[in-house]
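Reviewing the structure listed below.
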Amino acid sequence: DTEVTQTPKHLVMGMTNKKSLKCEQHMGHRAMYWYKQKAKKPPELMFVYSYEKLSINESVPSRFSPECPNSSLLNLHLHALQPEDSALYLCASSQEVTGDSPLHFGNGTRLTVT
Amino acid sequence: AQSVTQLGSHVSVSEGALVLLRCNYSSSVPPYLFWYVQYPNQGLQLLLKYTSAATLVKGINGFEAEFKKSETSFHLTKPSAHMRDAAEYFCAVNKRAGGFKTIFGAGTRLFVKA
């Protein structure tokens, strides 16, 4: 069982919809991440939050909007997505944003944009 | 720049045979290196990490990896493959970037034949 919980597991949305992905962890970790993973590819970093502040944005289009309401929660708000945004979206957490801190991943949200 | 290269996008072994998955890193300083495993329809799970305490690192599920600075390698091994080891394996490095971010190799799919 994963200690990082992501909801929903699956999401189908049209290009004009607005939806949100949610992520929760209760390990007391102070860093949280969003990754995007296309089929047969490695995860690609999108955003990093450290102590609830956005510390890294990997030049992600503005149609993806992250939010960290508190140290346990991370959201990804989606608006006006394109079909090429269909992918597995993974949330992860780590104790700190330090070199020796491994990532703990959720099982992801499988997003399909129609 | 810190990065990792995984040699072989697919590796196939028989059950009970040695598993060897190759990873080479490029770094000007001793890196923080990790191996993660991803089973179908799941997120990534940490197998083991190298943080300079010991060159031979033991992980979960019988896997281990040896850090060899002279070869800039961090290959993953397991003496005897099980069917349940069939999965995607990612080598990763934590790269300094105003904090750290994790960069993944392209991944190696391990197939285990009965």
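At a glance:
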read-out: Spin-label model distance (nm) - A:Thr112 vs B:Ser12, 7 Å beyond Cα toward Cβ; value: 3.0 nm
read-out: Number of partner chain Cβ atoms within 10 Å, mean per residue of B:40-49; value: 6
read-out: Estimated D of chain B in µm² per second, where Rh is the Kirkwood radius over Cα pairs and Stokes-Einstein applies at 37 °C, 0.692 mPa s; value: 231 µm²/s
read-out: Largest to smallest accessible area among A:Asp100, B:Asp85 [probe 1.4 Å]; value: A:Asp100, B:Asp85
read-out: Cα-Cα separations in the range A:15-59 greater than 12 Å, expressed as whole percent; value: 70 percent
read-out: Packing rank of A:46-53, A:102-109, B:50-57, where each peptide gets the mean count of other beta carbons within 10 Å, highest leading; value: A:102-109, A:46-53, B:50-57
read-out: 10 Å binning of all Cα-Cα separations within the protein assembly as shown, expressed as whole percents from 0 upward; value: 8, 33, 35, 19, 5, 0
read-out: Distance from the range B:64-87 to the range A:64-84 (C-alpha centre basis), Å; value: 35 Å
read-out: All-pairs Cα distance distribution in the range B:1-56, expressed in whole percent, bin size 5 Å; value: 4, 13, 19, 26, 20, 11, 5, 1
read-out: Test item: A:98-111 mean partner chain Cβ contacts at 10 Å; value: 6
read-out: Partner chain coverage, peptide A:84-97 - average Cβ within 10 angstrom; value: 2
read-out: Amide H contacts of B:Tyr32 (H built 1.01 Å from N, under 5 Å, at least 5 apart or other chain); value: B:Asn94
read-out: Expected-Rg normalisation [2.2 N^0.38 Å, Cα atoms] applied to the range A:44-110; value: 1.14
read-out: Per chain A, cysteines lacking a partner by the 4.7 Å Cβ criterion; value: A:Cys68
read-out: Kirkwood-based Rg to Rh ratio, the range A:1-79, C-alpha trace; value: 0.95
read-out: Point-to-point label distance, A:Asn17-A:Ser62, nm (Cα→Cβ direction, 7 Å offset); value: 2.4 nm
read-out: Förster radius 30 Å - calculated FRET efficiency between B:Arg109 and B:Leu46 (Cβ-Cβ, nearest 0.05); value: 0.95
read-out: Nearest-10 value in Å² for the accessible area of A:Met27, using the 1.4 Å probe; value: 50 Å²
read-out: For the range B:46-102, Kirkwood radius (reciprocal of mean inverse C-alpha pair distance, Å); value: 12.8 Å
read-out: Estimated dipole of chain B in Debye, rounded to 20 [Cβ of Lys and Arg +1, of Asp and Glu -1, Cα centre]; value: 240 debye
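The values are calculated or read from the model by the stated rules, or taken from the named source; none is laboratory data. As the structure is a computational prediction, the values presented were derived from the model and not from experiment. Reconstructed Cβ throughout: ideal geometry from the backbone, glycine too, with neighbour counts over all protein chains shown. Note: accessible area is taken over every heavy atom of the protein model, side chains too, but ligands, DNA and RNA are not part of it. Shrake-Rupley method; radii C 1.70, N 1.55, O 1.52, S 1.80 Å.
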